[in-house]
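Written out below as structure tokens is the structure these notes cover.
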Amino acid sequence: MVLADIFCAQRAIRDVAARTPLVKAHGTAGSVDVFLKLEICQPTGAFKIRGAANAVATMTVKQRKAGIICCSTGNHGRAVAYVAAKNGIASTVCVSSLVPQNKVAEISRLGAQVVREGKSQDDAQLNADSIAARTGATPIPPFDHEAVIAGQATIAIELLEEHPDIGEILVPLSGGGLAGGIAFAAKTINPGIRVVGVSMERGAAMHESLLRGRPVEVAEVPTLADSLGGGIGMENKFTFDLCRRYLDATILVSEAEIYAAMRSLFWAEKIVAEGSGAAAYAALNSGKVKPSRTAVAIVSGANVDMDVFSRIVLGEPVTIGDLVVGA
Ligand SMILES: *Cc1c(COP(=O)(O)O)cnc(C)c1O
């Protein structure tokens, strides 16, 4: 990947994905300015529309006829369904049974055929592979794909166009398409920028893989950051390497810190974020990361179950698997 791929992506996705607002956070105390990049303002409520739109833009007419397929914890599936409908092509989305019902319903509403089977993201992936082999549909993976990564990386270009003096970028991290793409683009433009990936303590596959020096599997457990669940793929082609080369650090936030971040984004900033969307902000809000230069937290998605969200806003306890948070 070269920087020009990301500028091409920026052009390719401009009619489908939004150029999202970058707003100053009022609530975060400290000596430096903190900005929030509001990917919650995408038409699908999360940044994944960027990668999906760019991947579809590279497809031939013949490929478009056979449709597209993906597996997803929700937001990627939503993006694929939306982008497919916009381009008049058929889509199939495979999800695991861990994926919340609100996300499944939204994906079907956007026009995709949803296949909900298996206990993990990896099961959903195997399912998608076999359907793709049978139907000839083009798979659009959620992160480990060059056009997808270039699409997500357009966020870095937008940030730096608006604030060329940004010193630190905090990015929610799961498969690493978002963090790897942003880190590559930002560091290629300015090697002095610090880019930090933020994952939840429970099931942080990329963090674990970077520690061990190779892709490893981690147990998938329920978390408020459900969009950050799932492995990085044992055959990872791009994102592991990008994250290893370009991320300065990865840090982990607890369920309680994610809960507190969602609350504080709502009350202090009037922003609705899902757990994964609040993860990067949680690193600042908890004091785990203390930036010394202008910092940006990517607020990556808004697609939260509203029952859970309203409990969190009101400070009521929520049950996450075997854990109760907010009590
Ligand atoms: C997918 C997703 C992420 C993580 O992106 P990766 O490219 O898998 O690291 C973060 N936040 C939200 C809301 C997501 O949907």
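Can you pull the three principal axis extents for the Cα set of the chain, in Å, largest first?
55, 44, 37 Å, listed from the longest principal axis down.
Report, in listed order, any pair from K62/K237; K62/K86; K65/K86 with a Cα-Cα distance greater than 20 Å. Mind dumping the intermediate values first?
Numbers: K62/K237 26 Å; K62/K86 17 Å; K65/K86 14 Å.
From K62/K237; K62/K86; K65/K86, over 20 Å: K62/K237.
What list of ³J(HN,Hα) couplings, whole Hz, do you get for the stretch 263-277 from phi and the Karplus terms 6.51, -1.76, 1.60, once you set θ to phi - 60° and write x for glycine and proline?
Running phi through 6.51 cos²θ - 1.76 cosθ + 1.60 with θ = phi - 60° gives 4, 6, 4, 6, 6, 8, 10, 6, 10, 9, 10, 6, x, 5, x Hz.
Would you list which aspartates and glutamates come within 12 Å of K187, measuring only between C-alpha atoms, while excluding same-chain residues fewer than 8 positions from it?
E168, D248
Please report how far the C-alpha centroid of the stretch 1-73 lies from that of the stretch 144-195, rounded to the nearest whole angstrom.
Going from one Cα centre to the other spans 11 Å.
What accessible area, in Å² to the nearest ten, does a 1.4 Å probe give for L211?
L211 exposes around 120 Å² with every protein chain in place.
Under the √(5λ) rule applied to the eigenvalues of the Cα gyration tensor, what semi-axes describe the equivalent ellipsoid of the stretch 207-327? Give them in Å, descending.
Working from the Cα gyration tensor, I get semi-axes of 26, 18, 12 Å.
Regarding the stretch 120-226, what is the average projected area of its C-alpha convex hull, in nm²?
Mean projected area for the stretch 120-226: 8.1 nm², to one decimal.
Among the lysines, which have Cα under 25 Å from the Cα of K270 when same-chain residues fewer than 8 positions away are ignored?
Answer for K270, where 25 Å is the Cα cut-off: K24, K37, K48, K103, K288, K290, listed by chain and number.
Using protein chains only and a probe of 1.4 angstrom, how many square angstrom of C8 are accessible, to the nearest 10?
Around 80 Å² of this residue is reachable by solvent.
Which percent of Cα-Cα pairs in the stretch 49-188 sits in each 10 Å bin, short to long?
With 10 Å bins starting at 0, P(r) equals 13, 40, 32, 13, 2.
Could you go through the stretch 7-17 in sequence order and give the Karplus-derived ³J(HN,Hα) for each residue, using 6.51 cos²θ - 1.76 cosθ + 1.60 with θ = phi - 60°, rounded to whole Hz, and x for Gly and Pro?
For the stretch 7-17, the Karplus-derived couplings read 5, 5, 4, 4, 6, 5, 9, 5, 8, 10, 8 Hz, x marking Gly and Pro.
Which whole-Hz couplings ³J(HN,Hα) result when phi for each residue of the stretch 112-124 is put into the Karplus expression 6.51 cos²θ - 1.76 cosθ + 1.60, θ = phi - 60°, listed in order with x for Gly and Pro?
After applying 6.51 cos²θ - 1.76 cosθ + 1.60, I find 8, 8, 9, 10, 10, 7, x, 9, 8, 4, 5, 4, 4 Hz.
Taking a quarter of the surface of the Cα convex hull of the stretch 93-155, what do you get in nm²?
5.0
State in Å² the accessible area per residue of the stretch 234-327; use a 1.4 Å probe, count heavy atoms of protein chains only, and round to the nearest integer.
Per residue, the stretch 234-327 has an accessible area of 43 Å².
Connecting C-alpha atoms closer than 10 Å in a GNM of the chain, tell me which of A205, A302, A268 has the biggest fluctuation.
A268
Heads up, I need the accessible area for K270: 1.4 angstrom probe, whole protein in place, Å², nearest 10.
140
What does the helix-only formula give at 222 nm for the chain: each DSSP H stretch with n ≥ 4 adding -39500 (n - 2.57), the total divided by the residues, and the result rounded to the nearest 500 deg cm²/dmol?
-13000 deg cm²/dmol
Ranked by accessible surface with a 1.4 Å probe, highest first, in what order do E168, E117 come?
E117, E168
Over all distinct alpha-carbon pairs, what is the Kirkwood Rh of the stretch 141-204 in angstrom?
It works out to 11.9 Å.
Compute log10 of I(q)/I(0) for the stretch 1-119 with the Debye formula, placing one identical point scatterer on every Cα and leaving out solvent, at q = 0.09, 0.10 Å⁻¹, to two decimals.
Log10 I(q)/I(0), no solvent term: -0.30, -0.37.
What number, in nm² with one decimal, is the all-direction average of the projected area of the convex hull of the alpha-carbon atoms of the stretch 186-260?
5.5
The values are calculated or read from the model by the stated rules, or taken from the named source; none is laboratory data. This structure is a prediction, so every number in the text was calculated from the model and none was measured. When the accessible area is computed, the model is the full protein with side chains, heavy atoms only, and any ligands, DNA or RNA have been set aside. Shrake-Rupley method; radii C 1.70, N 1.55, O 1.52, S 1.80 Å.
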